[in-house]
Amino acid sequence: MGAISPPRPVLLLLAAFSRHEAALDWARERAEATWGPIALASERFPFVDTDYYEATMGPGLAKQFLAFERLIDPATLPAIKRATNDWEDEYARRAASADAATEPRPLNLDPGYLTLAKLVLASTKDHAHRLYLSDGIYAEVTLSYKHRAWRPHEWTFPDYRRAEYHEFFSRCREWLKEQEGSGARG
């Protein structure tokens, strides 16, 4: 029988995407106010791998990843996903009342976390490869780290297969490794 032990703290990641620079800036400010300083931020990548979101979010989307200095307990992922869903709704209401956005979903926020072995994303949607966590939230291992590289799975979203994303996640992994070596905790 294995010994039960608490999980190691993990690196909180937030993927924010929109066609509006102001929406991405708002998301970053809101996230920093809630989760503290950002350890690493990616560039704003053009979101061109699928047109799935175009009907609700419009064309010309960009995605940015934010990784936060304060490590978290992975069990908090459902609460984080519910909070980001509320933020999306809040931003959509604000944008609609200010006539700043014409689409129903001007901002999409996808939280997850990174360990030395995997990248996990939260979702409100069930699927064969997702596990239920709590409070209506599921999670999936989107990428695995093996043989010094990020490896997608058959269900991995097309954009998460991109080399530029993997380069950023590798920087995050190195940062996390340094934190674990220094004894940093959440």
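Which of the residues that make up the stretch 108-142 are buried (at least 17 other Cβ atoms within 10 Å of the Cβ) and basic (Lys, Arg)? Scanning the stretch 108-142 gives 118, 130.
Of all residues in the stretch 1-42, those satisfying the criterion of being closer than 22 Å to residue 173 by Cα and aliphatic (A, V, I, L, M) are 10, 11, 12, 13, 14, 15, 16, 31, 38, 39, 40, 41. Can you tell me which residue is nearest to residue 179 (Cα to Cα) among those in the stretch 143-159 that are surrounded by 14 or more Cβ atoms within 10 Å (Cβ to Cβ) and not β-branched (Val, Ile, Thr)? Ranking the qualifying residues of the stretch 143-159, first place goes to 145. Need pairs with beta-carbon distance below 6 Å; first residue closer than 15 Å to residue 170 by Cβ and within the stretch 142-157, second basic (Lys, Arg); sequence gap 6+ or separate chains. From residues that are closer than 15 Å to residue 170 by Cβ, the pairs are 144/118; 144/151; 152/161. Count of the stretch 116-142 residues, restricted to those that are within 15 Å of residue 15 (Cβ to Cβ) and out of contact with any Pro (no Cβ under 6 Å at 6 or more places or on another chain), is 8. Counting only strands (runs of 3 or more DSSP E) that sit wholly inside the stretch 1-117, those with at least 2 residues that are over 22 Å from residue 182 (Cα atoms) are 11-18, 62-68, 108-114.
Each reported figure results from applying straightforward, stated rules to the coordinates on display, with no laboratory input. Model, not experiment: these values are computed from the prediction. Please note: Cβ atoms are built from the backbone with ideal geometry, for glycine as well, and neighbour counts cover all protein chains shown.
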